[in-house]
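Shown next, in structure tokens, is the structure this report addresses.
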Amino acid sequence: MLEQRRVCALLHSALAVKGLDVLIPLSVESYNRYLETHSADAASPLTRFKLPIPANYGSNSSHLLILVGNSRKLWKPLLDFVQLEMQQNHGRVLNDPVDRYVKQSVNSSLQELTNSCKVFENAKVYWVADMEPGKMILAQKMALAARAVSHCPVGLIIWIFKYSRWYTKRIVFVLQSTQLCLHPVLGPWMAFRCAVVLDTEGVDAVDEGKEHQAGPLVRGELSPAPQPDECSHDEKLHELLAAQMEKAFAQSATAPKNGRIPPDAWRAWALPRLSLTPNHSEMYSSEQTLYHYTKDLRILERSVRARRENLCLDYVRTPPTTKIVECRRLLQQVLYEIRDRFPDGIDAILLSAGLDTSILAEASDQDFTADNDDGFMTISLNKTSKAHPIL
């Protein structure tokens with residue numbers, strides 16, 4: 001048990017600083033059993049996703065399986081990675097940056113850890129993004145098998161009509177979506193990236209009576225476990241989520257099969273997450289959400305630029321025209337000149353209500369970068385003020 005906990009703590013410590021701050025331990029055996037138990041309820045057999053025990057491993061009764069994921073904290077390290085690559089590739093963002101960053105981070109961490117713990121020498125890594133037969137894993141099933149998350153059982157009802165010369169037959173299919181998992185700390189705002197198999201004793205299904213086992217971690221803190229199998233949402237919310245996901249699937253059915261969500265369709269996929277927890281403290285930033293669903297490399301390029309040049313967030317979402325930028329810079333210069341004319345300070349500057357917060361953010365030198373939360377500035381437009389307008 002001590003070795004198991006030490007291994008989890010070492011790996012989590014190495015990965016959390018790189019934005020991979022979610023760790024869920026279980027065993028290969030408990031994951032495989034979960035797939036066997038739930039295979040009959042699935043649209044297709046789950047047992048084909050079972051994991052083998054590496055032949056060179058010892059004869060432990062169970063083998064440690066660690067699911068690695070991330071919260072919103074991945075965004076800053078990812079932008080650091082993208083910025084470095086842009087410098088090396090003439091300002092160009094290379095394809096699949098998240099997958100490459102995750103692989104680089106995990107592989108380098110495992111290599112470094114072999115110096116302090118031999119268990120990591122024969123680590124076997126399975127990537128969530130790997131679609132090759134025999135290497136695919138069901139990450140959400142792993143998290144559910146570990147009882148580290150709850151499942152939101154949204155039923156999608158699909159009506160199919162069969163027509164013949166003699167009759168019309170209506171067939172109803174009820175599909176249980178597995179898209180929504182709820183973490184006790186992060187809610188739905190997380191993503192799973194890989195699973196690591198290690199030659200040491202695994203974690204059985206989390207039980208409140210087994211205090212010495214390794215538990216799920218988020219940023220160095222244990223997250224509550226075991227979690228209920230299903231969420232506690234009411235039927236009204238489930239109906240809303242089902243309708244939203246049905247719309248998202250319908251849009252995907254008509255979209256080009258190139259692995260990318262069309263620019264106007266990403267909102268349909270983001271909406272269920274937003275409906276579940278509209279004010280969650282762990283919600284992704286607008287830019288991270290936008291890239292997560294669109295995979296548009298321009299979002300990363302603009303985010304890097306906005307952070308580097310201290311630009312406003314609308315440079316990322318819809319970059320302003322050159323004339324707008326010139327207007328903002330002019331206003332900023334005027335404000336600088338006014339500041340220099342009144343070294344003792346200024347009580348207030350009255351501006352036209354047509355000047356938006358983006359202009360004010362730049363003009364006032366506030367640190368509005370892509371790293372910050374999407375908070376709103378408080379702007380006073382009190383027309384009864386006695387301040388004398390100077391602009």
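For LEU51, state whether it is within 25 Å of GLN111 (Cα to Cα), exposed (fewer than 15 other Cβ atoms within 10 Å of the Cβ) and hydrophobic (A, V, I, L, M, F, W, C). No: the conditions fail for LEU51.
Can you tell me which of ARG317, ARG308, ARG273 is under 25 Å from HIS183 (Cβ atoms), touching a residue at least 12 places away in the same chain (Cβ under 8 Å) and of a type in the set (Lys, Arg)?
Values: ARG317 fails: under 25 Å from HIS183 (Cβ atoms); ARG308 fails: under 25 Å from HIS183 (Cβ atoms).
Selected residue: ARG273, the only one of ARG317, ARG308, ARG273 that is under 25 Å from HIS183 (Cβ atoms), touching a residue at least 12 places away in the same chain (Cβ under 8 Å) and of a type in the set (Lys, Arg).
Residue-wise test of (1) in a helix (DSSP H, G or I); (2) closer than 25 Å to LEU79 by Cβ; (3) not small (Gly, Ala, Ser).
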| site | (1), (2), (3) |
| --- | --- |
| TYR293 | yes, yes, yes |
| ARG302 | yes, yes, yes |
| CYS312 | no, yes, yes |
| VAL325 | yes, yes, yes |
| ARG329 | yes, yes, yes |
| VAL334 | yes, no, yes |
| ILE346 | no, no, yes |
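Does LEU110 qualify as being more than 30 Å from SER281 (Cβ to Cβ), surrounded by 14 or more Cβ atoms within 10 Å (Cβ to Cβ), at pLDDT 95 or above and under 27 Å from the mean Cα position of the chain (by Cα)? When the stated conditions are applied, LEU110 passes them.
Is there a residue being at pLDDT 90 or above and within 26 Å of GLU112 (Cβ to Cβ) anywhere in region 52-59? Before the answer, list the steps.
Let us first name the residues in region 52-59 that are at pLDDT 90 or above, namely 52.
Those left that are additionally within 26 Å of GLU112 (Cβ to Cβ): none.
Checked region 52-59: no residue is at pLDDT 90 or above and within 26 Å of GLU112 (Cβ to Cβ).
Screening the candidates ASN95, ASN60 for the property of being touching an Asp or Glu at 6+ places or on another chain (Cβ under 6 Å) and not in a helix (DSSP H, G or I) yields one hit, ASN60.
Of the residues examined, GLU282 is one that is at pLDDT 80 or above and either more than 30 Å from LEU10 (Cβ to Cβ) or buried (at least 16 other Cβ atoms within 10 Å of the Cβ) (or both).
The values are calculated or read from the model by the stated rules, or taken from the named source; none is laboratory data. Since the model is a prediction, treat every value here as computed from it, not as a measurement. So basically every Cβ, Gly included, is an ideal-geometry build from the backbone, and we count neighbours across all protein chains shown.
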